[in-house]
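The values are calculated or read from the model by the stated rules, or taken from the named source; none is laboratory data. Nothing here was measured: the structure is a model prediction, and the numbers come from that model. Every residue, glycine among them, receives a Cβ derived from its backbone with ideal geometry; neighbour counts consider all protein chains shown. These area figures cover heavy atoms from the full protein model, side chains too; ligands, DNA and RNA do not enter into them. Shrake-Rupley method; radii C 1.70, N 1.55, O 1.52, S 1.80 Å.
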Amino acid sequence: MIRLIHSELLKYRTLRSTWVLMGSGAALAFLIVILFLHIAHTSIVNGASAYGSAGSGIGSTDYGSSGWYPSVLYQSYNYPQVFAVVLGIICVTSEYRYSTASFTYLVEPQRVRVLGAKLVASVVWGILYGVLVAFLSAAVGVLFSAVWNLDPGTFLRNSLIYLPVDLAGFVLFMLIGVGIGTLIHNQVIAIISGVGLLTIGPALIILLYAIAPYVVPYLPQTALMALERVPAHASGIGSRASLLPWWGGGMVLIGYAALLSVMGATTVLKSDI
Amino acid sequence: MIEVSGLTKRYRNVLAVNNLTFRVMPGRVTGFLGSNGAGKTTTLKMIAGLVQPTSGTATVNGANYRDITDPAKHIGVVLESTVAHPARSAKANMLIGAASIGAPYERVSELLQLVGLNEHAEKRVGAYSLGMRQRLSLAMALLGDPSVLILDEPGNGLDPQGIAWLRNFLKWLSTQGKTVLVSSHQLSEMSQMADDVVIIASGHEVASGPLDQIIQGIGGVEIKFRTPEPERMIQVIQAAGGRAHFKGAGLVDVSGLPLEQVGALVAQSQIIIYEMTTSRGLEEAFLQLTANPQSSTAWNAISE
């Protein structure tokens, strides 16, 4: 099993798409943090109170309040976490797209072990990716908070407080990606499905809130918000929904990853290569 | 040794492989022959545990592939020319393979050298020619230093030098005592490479055994003569029960008789010969055997 995990770690490392997606995710986090800090800075300079509300929408309320910093961090991690799903999907589907699955299963005919190795390798790379994004967000946040007379200390403190759950978010989204890839072998369809589900999330939440509000806390994105303890009032999509406790959000995401992986494993075990 | 017994694969209404039984012996190259769609790849995949048989068994060194611990250390399999990820370098693909098999990393450069890709090791596989990818696939199959090698159409995409290299390489492997099973529909190539053959058509086995015996049974070798007396040559051969065809410019193709008998007939008749070449008539045997696959099960001369 150690050999398989080593091999799967190498697969991530030697694929250019891994670095492109991680780099893009980190760059996105960088831009989002700057954008939010700039909005806060501009609003304060234009006369809004540092603790006052300005405008409506995601992350725009109560600049400088205790809830504002976590919501900025949530936004800076949220989009890179979509890339984590894509990474997880590619980890599995590239094997089928480029026919390397046959070699993989020839080396280890017990396919469940291969899936297990992929999940473990995805945990490791999810942590690496999460650390990269968290470090960059914190560094940029502290720097520009200082430059724009916000509160760099609070930004740094929040970055550290929320680091474990943020990393958990990255890892769980990677695992969900692996589960989707195991279930849907066609890479294009798998990515469209995974990213589509996450990007239409806000619209889906609003729709479901109207017809089945009890379902909303159990959707991947609201579960992630719960895990990362995003204040509901500070998040556009969360403002109308009640969230689970943070551990409940984590359990829901683990459940998604486990369910998809088990369903995928069942498919992989039966399928001819 | 590879043993296939009653192997059958049915996909809904399509019977892809029907009741195949044959053995592949160590120290010999066995050609697995069949037209496109005959069921060769499906059979090889069943042997390698990638496709579940509907019925029957396939064992390698006495065990089902899926039950073998570290199978890549015993069996090297190349089923497609694209076992390597195109976005990775050849070396990266090999290192990943070595890591999963547990082969030492030194073996990677050793094998890349062996298949002539060491100078292109850092190049992305996507930029490789088909022939280079075939060589890389072969190197990956050899990572675990297996005693059994199963190759599906390894000659596809290879240039003449590549084919000659492959032929010599597989022959060399067989002299090392390895069991080599090679599928192909390139009959001329197989006739130079294989010691034994298994011929299938539409999922049915139509012949298996030593190549010479199968060719002999169907019509013997093909002999091409260039002679100033083609008419007399044709008469002599036909009188002895063989087949002879005039090809123009003094050329006569002879088949249907053992080589020794043809030589004796030519000597007795004192026919002048300018040139004589022989080729094993695998193509003729193949065409005859696969013309009616349902009725032909006569050639099961598997070497013991």
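Considering only B:I223, B:V252, A:C91, and ranking their Cα positions along the charge dipole of the protein assembly as shown that arises from unit charges at the beta-carbon of Lys, Arg, Asp and Glu, the one farthest toward the positive end is A:C91. Taking all protein chains together and rolling a 1.4 Å probe, A:W19 ends up with roughly 130 Å² accessible.
Highest mean first, how do B:25-36, B:155-166 rank when packing is the count of other Cβ atoms within 10 Å averaged over residues?
Sorting B:25-36, B:155-166 by mean packing, highest first, produces B:25-36, B:155-166.
Here the simple spin-label model places points 7 Å from the Cα toward Cβ, and for A:L35 and A:T267 these points are separated by 3.2 nm.
The label-point distance for A:L163 and B:E119, in a model that sets each label 7 Å from Cα toward Cβ, rounds to 5.1 nm. Whole-Hz Karplus values for segment B:153-162 come out as 6, x, x, 4, x, 7, 7, x, 5, x Hz, taken residue by residue from phi with 6.51 cos²θ - 1.76 cosθ + 1.60 and θ = phi - 60°; glycine and proline positions read x. Let me make sure I get this right: for segment B:221-279, a, b and c are the square roots of the gyration tensor eigenvalues over alpha carbons, sorted descending. Under 1.5 in a/c it's rounded, otherwise prolate if a/b > b/c, else oblate. Which is it? It comes out rounded by the Cα gyration axes.
Can you tell me how the protein assembly as shown classifies by the Cα gyration tensor, rounded, prolate or oblate, using a/c under 1.5 as the rounded cut? Note, shape of the protein assembly as shown comes out prolate.
Take each residue in B:96-105, count the other chain C-beta atoms within 10 Å of its C-beta, and the mean is 6. Based on DSSP H segments of at least four residues, each scored -39500 (n - 2.57), the protein assembly as shown has a per-residue ellipticity at 222 nm of -17500 deg cm²/dmol.
Charge dipole (Cα centre; +1 on Lys/Arg Cβ, -1 on Asp/Glu Cβ; no other charges) of segment B:161-221 amounts to roughly 200 debye. Solvent-accessible area lost on pairing A with B (1.4 Å probe, both sides summed) amounts to about 2500 Å².
Of the beta bridges DSSP finds with both residues in the protein assembly as shown, what % are antiparallel, to the nearest 5? The answer is about 65 percent antiparallel. In this simple spin-label approximation, B:E283 and B:S129 carry label points 7 Å from Cα along the Cα→Cβ vector, and these lie 2.4 nm apart. The string of couplings for segment B:104-119 from the Karplus curve (6.51, -1.76, 1.60, θ = phi - 60°) is x, 5, 4, 5, 4, 5, 4, 6, 4, 5, 4, 8, x, 10, 4, 6 Hz, one whole number per residue in order, with x for Gly and Pro.
Close amide H pairs (under 5 Å, H built 1.01 Å from N) link B:V29 with B:D195, B:D196, residues at least 5 positions away or on another chain.
The H on the amide N of B:D145, modeled in the peptide plane, is under 5 Å from the matching H of no residue at least 5 residues off or on a different chain. Which entries of A:K118/B:K45; B:K45/B:K171; B:K40/B:K224 have Cα-Cα distances beyond 28 Å here? Over 28 Å Cα-Cα: B:K40/B:K224. Counting only DSSP beta bridges with both residues in chain B, the antiparallel share comes to about 65 percent. Taking amide H as placed 1.01 Å from N in the peptide plane, the amide H of B:R243 sits under 5 Å from that of B:S255, B:G256, B:L257, each at least 5 places away or on another chain. If only the Cβ of Lys and Arg carry +1 and only the Cβ of Asp and Glu carry -1, the dipole of the protein assembly as shown around its Cα centre is close to 880 debye.
Out of the total accessible area of segment B:2-209 (probe 1.4 Å, heavy atoms of protein only), what percent is carbon and sulfur?
Numbers: 3560 of 7520 Å².
Ligands and nucleic acids excluded, carbon and sulfur reach 47 percent.
For the peptide A:105-115, the mean number of other protein chain Cβ atoms found within 10 angstrom of a residue's Cβ is 5.
Phi angles across segment B:194-203 convert, under the Karplus curve 6.51 cos²θ - 1.76 cosθ + 1.60 with θ = phi - 60°, into 3J(HN,Hα) values of 8, 8, 10, 9, 10, 10, 10, 8, 6, x Hz, Gly and Pro given as x. Once the Cα-Cα distance is subtracted from the 0.36 nm per residue extended length, the B:A239 to B:R226 segment shows a gain of 2.7 nm.
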